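The values are calculated or read from the model by the stated rules, or taken from the named source; none is laboratory data. No experiment lies behind these values; they were computed from the predicted model shown. Note: ideal-geometry Cβ built from the backbone for every residue, glycine included; neighbour counts use all protein chains shown. Ligands, DNA and RNA are stripped out before the accessible areas are found, and what is left, the full protein with its side chains, is counted by its heavy atoms. Shrake-Rupley method; radii C 1.70, N 1.55, O 1.52, S 1.80 Å.
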Amino acid sequence: MSAVLHRSFARAPPVAVAGSGVYLYDAAGKEYLDASGGAAVSCLGHSHPAVIDAICSQVRTLSFAHTTFFTSDSAERLAEFLLRRAPPGFGRGRAAFLGSGSEAMEAAIKLTRQYFVERGEAARVRFIARRQSYHGNTLGALALSGHAARRAIYEPLLMDVQHVSPCFPYRFQEEGESAEVYVQRLADELESTLLSLGPETVAAFVAEPVVGATLGCVAPAPGYFQQVREVCDKYGVLLIADEVMCGMGRCGAWFTIGDEGISPDLVVLAKGLGAGYVPISAMLASERVVATISAGSRALNNGHTYMGHPLACAAALAVVTVIDQEQLLARVKQQGTKLAQLLAVRFREHPQVGDIRGRGLFLALELVADRAHKTPFEREKDLASKLRTQALMHGLVCYPGSGTADGVRGDHVLLAPPYIIDDPQLEQLTDKLSRALSAALV
Ligand code: PLP
């Protein structure tokens, strides 16, 4: 019996022993096509030589130096790389490096608080986020998250966050309602929520530019984030973009929010930044936020032992350098278009596929019991976990999720393959998914 506290007590997971390119191998020698990079993590595939070399070289020269006393070349260079590519307003901003998406979200919550305290607006203590969203599993990040099932047993421990509607056209844009009217309706809801809380008590609005694990790759309706930015500006509220899953090229751009034509005040990055080689995340603070702290305490109030870890930063710097030098952002767009076409051909007429959506190599199918009425499967069917199991049996790693429709009911499967995936592998992915889905639906 395993001594590891696994996610499920029901079965021991296979032991992963090796990874190469888009494939993973278990101890029994079985090959798995990693079609979701775990959970949108392994953007360069497995065992990329440039990243391995960077890690070895860094660990040989400097493995650790505490950030209370030192900085490191790899942290400095990584921060410059990211800020240079960030949306307008970040050029003279700053980046902090942490260990996980949740930790970086906590850092964003805390920096927001520090910003308002130093501005003399200490009454701003409230956060607004969206239903069916996920921002992490630590208590602050979970409080922001709007995923009912993931929050359920922790509710009594969570800070009070107000959740508004997601921007989710497939389910909530009404028949005959234009995109313009839909986003206006959502902006009005955000504004009335702010007004009911008292705008002077609200610190930030938090959203994933393209929603990942909880909705299944839902891109915003055109103009949504511009409207959100206007509402935030009107009431002096910060906008935090959670790009933990959708950023770092996953949707075809370094920063997904940049495609929406606006700049947030804080951006959080994680998964694709370390590409699975190291645990690392980043919180980027815009010039506006940095300027306030510069004119005030001149110190970050929040810290962790392993922040700015030189080894993690060196690996992430190698990851982003590979993405840059191998022009993988363009490849994400190209392979993403091909995968979307393959999925459309295979699943467009499938009676249990209600929607095929996403951006770049961040695509999902929403699974429904009845297409015409978009009726979700009942929770008891547990379709998402059946599909996960069947996919593994078919040698496929994909990322099914549930709660898609209303936080409890609804299922989708998320695909986020490595940016290096080639054409035959895209076909293999589609074949395996089709067979796994048929088996799960039996
Ligand atoms: N934010 C988003 C959008 C995520 O998808 C996740 C994880 O899936 C997190 C935050 C939390 O990241 P981590 O699991 O690294 O703590």
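The residue list Gly407, Gly336 contains one member that is assigned by TED's automatic domain parsing to the domain that holds Tyr32, on the phi > 0 side of the Ramachandran plot and open to solvent by less than 40 Å² (accessible area, probe 1.4 Å), which is Gly407.
Looking at Ser100, Ser47, Ser57, Ser63, which one is free of Cβ contacts under 8 Å to residues at least 60 places away in the same chain and open to solvent by 20 Å² or more (accessible area, probe 1.4 Å)? Matching residue, one of Ser100, Ser47, Ser57, Ser63: Ser47.
One residue stands out in the stretch 390-404 among those that are farther than 18 Å from Gly212 by Cβ and within 23 Å of the chain's Cα centre (by Cα): the one that is surrounded by the most Cβ atoms within 10 Å (Cβ to Cβ), namely Leu396.
Among the residues of the stretch 3-39, those identified as touching a Pro at 6+ places or on another chain (Cβ under 9 Å) and either β-branched (Val, Ile, Thr) or more than 21 Å from Leu329 (Cβ to Cβ) (or both) are His6, Arg7, Val22, Asp26, Ala27, Ala28, Lys30, Tyr32, Leu33. Here the stretch 142-188 is the region considered, the condition is being within 14 Å of Gly407 (Cα to Cα) and among the charged types (D, E, K, R), and the residue that is least open to solvent (accessible area, probe 1.4 Å) is Arg151. Residue check: Ser42 meets all listed conditions (1) closer than 22 Å to Arg250 by Cα; (2) touching a Pro at 6+ places or on another chain (Cβ under 6 Å); (3) open to solvent by 50 Å² or more (accessible area, probe 1.4 Å) but one, namely (3). Hey, any hits in the stretch 305-324 for a residue that's at pLDDT below 95, assigned by TED's automatic domain parsing to the domain that holds Val210 and either open to solvent by 20 Å² or more (accessible area, probe 1.4 Å) or closer than 30 Å to Ser63 by Cβ (or both)? No, because not a single residue in the stretch 305-324 is at pLDDT below 95, assigned by TED's automatic domain parsing to the domain that holds Val210 and either open to solvent by 20 Å² or more (accessible area, probe 1.4 Å) or closer than 30 Å to Ser63 by Cβ (or both). Checking each residue in the stretch 11-53 for being part of a helix (DSSP H, G or I), under 26 Å from Gly212 (Cα atoms) and not β-branched (Val, Ile, Thr) picks out Gly37, Gly38, Ala39, Ala40. Scanning the stretch 84-132 for residues that are outside any helix (DSSP H, G or I) and under 14 Å from His304 (Cβ atoms) turns up Ala96, Phe97, Leu98, Gly99, Ser100.
Listed here are the helices (runs of 4 or more DSSP H) enclosed by the stretch 133-195 that have at least 1 residues being within 17 Å of Val210 (Cβ to Cβ) and free of Cβ contacts under 8 Å to residues at least 60 places away in the same chain: 169-172. Contact annotation: residue pairs with Cβ atoms under 9 Å, 6 or more positions apart or on different chains, pairing a residue in the stretch 207-219 that is small (Gly, Ala, Ser) with a partner that is near the ligand (Cβ under 8 Å from one of its atoms) and assigned to a loop (DSSP other than H, G, I, E, B), are Ala207/Ser133; Gly212/Tyr134; Gly212/Val244; Gly212/Met245; Gly212/Cys246; Ala213/Tyr134; Ala213/Met245; Ala219/Cys246. Across the stretch 232-255, the number of residues qualifying as more than 11 Å from the ligand (Cβ to nearest atom) and farther than 19 Å from Ala96 by Cβ comes to 10. Checked against (1) of a type outside the set (A, V, I, L, M, F, W, C); (2) open to solvent by 10 Å² or more (accessible area, probe 1.4 Å); (3) assigned to a helix (DSSP H, G or I), Thr430 passes all but condition (2). Taken together, the residues in the stretch 262-298 that are crowded, with 24+ Cβ neighbours inside 10 Å and among the acidic types (Asp, Glu) amount to 1.
Residue-level check: of (1) under 27 Å from Asp73 (Cα atoms); (2) in contact (Cβ under 8 Å) with a residue 60 or more places away in the chain; (3) within 12 Å of the ligand (Cβ to nearest atom), Leu273 misses just (2). All told, Ala314 falls short of being among the aliphatic types (A, V, I, L, M), within 15 Å of the ligand (Cβ to nearest atom) and in contact (Cβ under 8 Å) with a residue 24 or more places away in the chain.
Asp26: assigned by TED's automatic domain parsing to the domain that holds Tyr134 and of a type outside the set (Phe, Trp, Tyr), yes or no? Answer is no for this residue. The residues of the stretch 189-214 that are within 14 Å of Arg130 (Cα to Cα), in contact with a helix residue (DSSP H, G or I) (Cβ under 9 Å, 6 or more places away or on another chain) and surrounded by fewer than 21 Cβ atoms within 10 Å (Cβ to Cβ) amount to a single one, Glu191.
Ala35 meets each of the listed conditions (1) in contact with a helix residue (DSSP H, G or I) (Cβ under 7 Å, 6 or more places away or on another chain); (2) at pLDDT below 95 apart from (2).
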